[in-house]
Amino acid sequence: MTITDAAPAPTEPAARPSGERARRARAHARFAGPIVALVLGMKLLTYTLGVYALETIKGRSFHGVGERLSFWNFWDSSNYLSIAAHGYQTTGEAAHYIVFFPGYPYAVRFASWLLPGDMLTAAFVVSGVASVAAALLLAHLVRIDTGDDARAQRAAWFLLIFPTAYFLHIPYTEGLFLTFVLGSFVAARNERWALAGVIGLLAALTRINGVLLLPALAVEAYLQFRRTGRIARSWLWLGLVPLGLLVYLGINQHYFGDAFHFQDVQQQVWFKHFQDPYTSVKSLAGGLGSDQPGTRWNTGQELIFLAIGLVGALAAFRWTRASYGVWGLLNVLLFASTSWIQSTPRYAITIFPIFLLLAGLDRHVWLTRLVSAWSLGMMVWFAALFAMGSWAF
């Protein structure tokens, strides 16, 4: 066993002939082009679907592009934009927004300095760029693991038609958070540990479960140790990951004099506190017996997507990499470790091993078509519900 600062990088010629560069550029375009086109196509479908749902079902008319985007600024989105515009507040209803991590709203604020228009426009730009980046990074991760371009593109397909994939295109954290998570894994797979740590910090600054990258990437480091027999000092860069959470706790301390003030708000306003997963899931399942159809429907979806996340995480240990399985399993446990399990269908999109596993089903064409039809149909339904102002996770 030896100790190194980092894995040696392969040597390359100082310059390649122009013909070789052009060939590589064409190869990259053939790989990335269909994925970018798919992202843009799904983005157009999502936005058009929202407008048509409101026009045909709600009888609403629209004048101008701005109105055709404004109705997506709903539920948590408006809270993120409030933070982007005014920062964290200590009085009034806005004081409750301390439960939202700063990564996404401050990215929107930064974008608003660079772009003309309002905060909503900046939010759509941030989410738009992030959705493209997330799809490309997912495909690149599959390419690193398998060397199979077709499989990589299938993984992007399943990500973009996931039932809650519309959150990638609207002012929510999903696209940016998934970009940071996948970027950190891609960097780690390439043994660029400093970059993995920095991007992991940004993930932990965007959502609380970003801190789960630390154990997941530690497992990735162990997998590489088993392959090479080398201990790299560069693994210490992973210590940056929890700093994102510490920054958020510092914000709580600065504004409210209590680093864990957000927990009090979660309990008092959203009636949520940490609870063991067994008790939480058992309590959630009780909603299936409700006499309210909406409660039964939401409960069923929460349980279905918890199961999808759990099966995907466990299967990842067998058919992908243990580091991916650790990421997925810890996220499922976190989703279930609350007194009020909520938004699991949306959170589940960050369990990216699901898409890697689905991409590997190419020998079972009937199954991939069945999953695609179900997933795309549910995405259309959920997105239409959300656009019309209903709770859709």
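The values are calculated or read from the model by the stated rules, or taken from the named source; none is laboratory data. Keep in mind the model is a prediction, meaning the values are calculated, not measured. Cβ coordinates were reconstructed from backbone atoms using ideal geometry, including for glycine residues, and neighbour counts include every protein chain displayed. The protein model used for the area step is the full one, side chains on, heavy atoms only, and it has no ligands, DNA or RNA in it. Shrake-Rupley method; radii C 1.70, N 1.55, O 1.52, S 1.80 Å.
List the residues whose amide H sits under 5 Å from the amide H of THR338, counting only those 5 or more places along or on another chain, with H placed 1.01 Å from N in the peptide plane.
Under 5 Å from the amide H of THR338 lie the amide H atoms of GLN275, each far enough along the sequence or on another chain.
Please report, in debye to the nearest 20, how large the charge dipole of segment 99-168 is about its Cα centre when each Lys and Arg carries +1 at its beta carbon and each Asp and Glu carries -1 there. If you can, show how the numbers build up before the last one.
On the way: 4 positive and 4 negative charges, 7 e Å.
Dipole of segment 99-168, to the nearest 20 debye: 40 debye.
For segment 187-346, what's the relative contact order in percent, using C-alpha pairs closer than 8 Å and at least 6 residues apart? Mind dumping the intermediate values first?
Numbers: 197 pairs, mean separation 38.2, N = 160.
It comes to 24 percent, rounded to a whole number.
For the chain, what does the relative contact order come out to in percent, with C-alpha contacts under 8 Å and a separation of six or more? Spell out each step's value before the answer.
Details: 557 pairs, mean separation 77.8, N = 393.
Contact order relative to length: 20 percent.
In the chain, which whole DSSP H runs stretch at least 18 Å along their own axis (Cα) and average -1.0 or higher on the Kyte-Doolittle scale?
Working: long enough: 18-56 (54 Å, 0.31); 119-146 (40 Å, 1.69); 174-189 (22 Å, 1.34); 193-206 (20 Å, 2.05); 213-228 (22 Å, 0.50); 243-256 (19 Å, 0.94); 293-319 (38 Å, 0.57); 322-336 (21 Å, 1.51); 365-387 (33 Å, 1.50).
Flagged H segments are 18-56, 119-146, 174-189, 193-206, 213-228, 243-256, 293-319, 322-336, 365-387.
Quick one: which residues, 5+ away or cross-chain, put their amide H under 5 Å from the amide H of ARG60? H built at 1.01 Å from N.
The list, which skips near neighbours in sequence, is GLU55.
For ALA232, enumerate residues with amide H under 5 Å from its amide H, sequence gap 5+ or separate chain, H modeled in the peptide plane.
Close amide H contacts, sequence-distant or interchain: THR4.
Using the Kirkwood radius over Cα pairs, work out the Stokes-Einstein diffusion coefficient for segment 273-315 at 10 °C and 1.306 mPa s, in µm²/s as a whole number.
On the way: Rh = 11.2 Å.
Rounded to a whole number, D works out at 142 µm²/s.
Considering only protein heavy atoms and a probe of 1.4 Å, how much of the accessible area of segment 205-264 is carbon and sulfur, as a whole percent? Write out the running numbers ahead of the final one.
Working: 1950 of 2920 Å².
Here carbon and sulfur together make up 67 percent of the probe-accessible area.
Quick one: grab the alpha carbon gyration tensor of segment 36-144, order the square roots of its eigenvalues as a ≥ b ≥ c, and give me rounded if a/c is under 1.5, else prolate or oblate depending on whether a/b is larger than b/c.
On the way: a/c = 1.94, a/b = 1.10, b/c = 1.77.
Taking the square roots of the gyration eigenvalues as a ≥ b ≥ c, segment 36-144 is oblate.
Work through the residues other than LEU358 whose Cβ is under 13 Å from its Cβ and net out their charges, Lys, Arg +1 and Asp, Glu -1. Can you show the working numbers first?
Details: positive: ARG151, ARG154, ARG363, ARG369; negative: ASP362.
Overall, the nearby charge balance is +3.
Calculated from DSSP H runs of 4 or more alone, at -39500 (n - 2.57) each and per residue, what is the 222 nm mean residue ellipticity of the chain, nearest 500? Each step should come with its number before you reach the end.
Working: 17 runs with 262 residues, N = 393.
-22000 deg cm²/dmol, from helical runs alone.
In whole Å, what are the Cα extents of the chain along the three principal axes, biggest one first?
Each principal axis gives a Cα extent; for the chain these are 62, 47, 47 Å.
Work out the P(r) tail for segment 352-393: percent of alpha carbon pairs separated by more than 14 Å, whole number. Don't skip to the end; give the middle numbers.
Working: 504 of 861 pairs.
Roughly 59 percent, rounded to a whole number.
Quick one: longest stretch of the chain between exposed loop trypsin sites (Lys or Arg not before Pro), exposed meaning at most 16 other C-beta atoms within 10 Å and loop per DSSP? Each step should come with its number before you reach the end.
Details: sites that count: LYS58, ARG60, ARG363.
Looking at the chain, 61-362 is the longest stretch - no exposed trypsin sites (Lys or Arg not before Pro) with at most 16 other Cβ atoms within 10 Å.
Provide the FRET efficiency to the nearest 0.05 for the GLU67-PHE225 pair, computing r from the beta carbons and using R0 = 45 Å.
Working: r = 55 Å, r/R0 = 1.23.
The computed FRET efficiency comes out at 0.20.
Could you pull the accessible area for ASP258 with a 1.4 Å probe, rounded to 10 Å²?
60 Å²
Dividing the convex hull volume of the Cα atoms of segment 235-341 by its residue count, what figure in Å³ per residue is obtained? Walk me through the numbers on the way to the answer.
Working: hull volume 13.1 nm³, N = 107.
Hull volume normalised by residue count: 123 Å³.
With N set to the residue count of segment 104-162, report its C-alpha Rg divided by 2.2 N^0.38 Å to two decimal places. Display every interim value, and only then the final one.
Values: Rg = 14.8 Å, N = 59, 2.2 N^0.38 = 10.4 Å.
Dividing the Cα radius of gyration by 2.2 N^0.38 Å gives 1.43.
So for the chain, taking the charge dipole from beta-carbon charges (+1 Lys/Arg, -1 Asp/Glu), which of PHE31, PHE100, ALA313 sits furthest toward the positive end?
PHE31
To the nearest 20 Debye, how big is the dipole of the chain about its Cα centre, given +1 on the beta carbon of each Lys and Arg and -1 on that of each Asp and Glu?
On the way: 29 positive and 20 negative charges, 262 e Å.
Magnitude of the dipole: close to 1260 debye.
Could you tell me which residue out of SER290, PRO277, GLN266 lies farthest along the dipole of segment 217-302 toward its positive end? Charges go on the beta carbon: Lys and Arg +1, Asp and Glu -1, centred on the Cα centre.
Toward the positive end, the furthest listed residue is PRO277.
Magnitude of the Cβ-charge dipole of segment 236-355, K/R +1 and D/E -1, about the Cα centre, nearest 20 debye? Write out the running numbers ahead of the final one.
Numbers: 6 positive and 5 negative charges, 79 e Å.
Dipole magnitude for segment 236-355 comes out near 380 debye.
Using only the alpha carbons, work out the radius of gyration and Dmax of segment 140-229 in angstrom.
14.1, 45
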